[in-house]
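The values are calculated or read from the model by the stated rules, or taken from the named source; none is laboratory data. Note that the structure is predicted; figures quoted are calculated from it, not measured. For neighbour counting, all protein chains shown are included, and Cβ atoms are generated from backbone atoms with ideal geometry for every residue, glycine included. Protein only, heavy atoms only, side chains kept; ligands, DNA and RNA dropped before computing areas. Shrake-Rupley method; radii C 1.70, N 1.55, O 1.52, S 1.80 Å.
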Amino acid sequence: MRERRRRKLMVEPPSSATGDIAFNLIVFFLVCASVQPDSGRQQTLPRSEQETQEQSENIEVQLGRNTVMLNGNILRQQDFDTVLKRALNGKTRQEDRVVIVKSKPDTPYHHWVVVTEMIESAGGIVTIQTEEEQQVIVPGG
Amino acid sequence: MKIKRRTSQADVPSMAMGDIAFNLLIFFVILARAQDDSHLQWQPASAEEINASGTAKVAVLIDNENKYYVNGQQVGASQIAGEVDALLGNTPAGERMVLFKVHREAQALYFEPAIEAISEVGGDIVHVLEQKQE
């Protein structure tokens, strides 16, 4: 007796579901991408009224492209921390712990971040001073 | 003689629903991308101690071409204070967080005016940095 051949059926995945699959994949990747939080460092800059008080007593830090000066003395970056801590030692009043940071226009941000981090970890309060336009009055003009 | 009216069924093709949803999603994704700054080119500076920053309403970014952006929209240096102030509105002190994203090689000439502008309007600056790798 001849056996009947089994009928082969072509089984295709349901194409109507591909849209839903794509939709769910996109939602998944969107959620993954949006949950990466930013991390960083908070910095509170004192208002200008505070920095004008007894300005002469405040520590002044000058930044160049890759240099750092503390009250006019050029320091190596690794020594800066120690010298600054010594300078801040004994200053208990908040206004005395204000450190004025003056940066040359070409100071890169990564250098500025490193130095201001050192100031804050030493207990100083960072305030920035930018170069302001000065009005020159010519006598008899 | 009575003429029979032919009735034809007109259904919305349900097969197209997936495609419609897909296109809608793409539309909203593009719309959202115009408001964030993930497409901008910048490299964060590194620091030893960093903390996870919370959610902020405002993000100020300086990219690798020294261009300023507030919440992904390009602005001029003089517009930063106004834009940040408008976005912060009457938010109480302590919640006026402003994410500050600056390209690591950006110069003081560009980032200092932005810091000044943010603090001028009472924004609490959070420098967005990456952990320094030893």
Neighbouring partner chain Cβ atoms per residue of B:43-53, average, 10 Å criterion: 5
Heavy-atom accessible surface buried between B and A, both sides counted, 1.4 angstrom probe, nearest 100 Å², is 3100
Square roots of 5 times each gyration tensor eigenvalue, C-alpha, the stretch B:1-112, largest first, Å: 50, 17, 15
Once both labels are modelled 7 Å past Cα along the beta-carbon direction, what's the B:Q131-B:A21 spacing in nm? 3.8
Mind checking B:23-30 for the average number of partner chain beta-carbons within 10 Å of each residue's beta-carbon? 1
Based on the Cβ-Cβ distance from B:S38 to B:M1, what FRET efficiency comes out when R0 is 51 Å, to the nearest 0.05? 0.10
What are the residues whose amide H is under 5 Å from the amide H of B:V102, where those residues sit 5 or more places off or on another chain and H is modelled from the backbone? B:A45, B:I62, B:V128
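Treat the stretch B:46-131 as a sphere of radius equal to its Kirkwood radius over Cα pairs and apply Stokes-Einstein at 37 °C in a medium of 0.692 mPa s; give the translational diffusion coefficient in µm²/s, rounded to a whole number. Don't jump to the answer; show the numbers that get you there.
On the way: Rh = 13.0 Å.
So the translational diffusion coefficient is about 253 µm²/s.
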I want to check a number: in chain B, how many lysine pairs have alpha carbons closer than 23 Å, given a sequence separation of 8 or more or different chains? 4
Restricting to bridges with both residues inside the stretch A:48-128, how much of the DSSP beta-bridge set is antiparallel, in percent to the nearest 5? 40
Expected integer from the mean partner chain Cβ neighbour count at 10 Å over B:14-22 is 4
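Which value, in debye to the nearest 20, describes the size of the charge dipole of chain B about its Cα centre when Lys and Arg Cβ atoms bear +1, Asp and Glu Cβ atoms bear -1, and nothing else is charged? Let's see the in-between values first.
On the way: 11 positive and 18 negative charges, 323 e Å.
Rounded to the nearest 20 debye, it is 1560 debye.
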If I model a spin label at A:L25 and A:R65 as a point 7 Å from the Cα along the Cα→Cβ vector, what separation in nanometres do I get? 5.0
Rounded to the nearest 0.05, what FRET efficiency do B:Q9 and A:T18 have when you use their Cβ-Cβ distance and R0 = 22 Å? 0.25
Positive-end residue of B:G18, B:A52, B:Q41, charge dipole of chain B with Cβ unit charges: B:G18
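Once every DSSP H run of n ≥ 4 in chain B is given -39500 (n - 2.57) and the sum is divided by its residues, what mean residue ellipticity at 222 nm do you get, rounded to the nearest 500 deg cm²/dmol?
Numbers: 3 runs with 39 residues, N = 134.
Taking each H run of at least 4 residues, the total per residue is -9000 deg cm²/dmol.
Give me the accessible area per residue for the stretch A:48-128, probe 1.4 Å, as a whole number in Å².
In whole numbers, the stretch A:48-128 has 51 Å² accessible per residue.
Please compute the length gained on full extension between B:F28 and B:A86, using 0.36 nm multiplied by the number of residues separating them and subtracting their Cα-Cα distance.
On the way: separation 58, 0.36 × 58 = 20.88 nm, distance 2.45 nm.
Fully extending the segment from B:F28 to B:A86 adds 18.4 nm.
What order, most packed first, do the peptides A:82-93, B:59-70, A:61-72 have when packing is the mean number of other Cβ atoms within 10 Å of each residue? Mind showing how you got there, number by number?
Values: A:82-93: 13.2, B:59-70: 19.2, A:61-72: 16.2.
Most protected by this proxy first, the peptides run B:59-70, A:61-72, A:82-93.
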Lys/Arg +1, Asp/Glu -1 at C-beta; the stretch A:48-128 dipole; positive extreme among A:M69, A:N58, A:S103: A:M69
Quick one: 3J(HN,Hα) in Hz for the stretch B:71-77, Karplus 6.51/-1.76/1.60 with θ = phi - 60°, rounded, Gly and Pro as x. 6, x, 9, 5, 9, x, 4
Relative contact order for the stretch B:46-131, counting Cα pairs under 8 Å that sit 6 or more residues apart, in percent: 38
Most mobile of B:V102, B:V121, B:V29 in a GNM of chain B (Cα contacts under 10 Å): B:V29
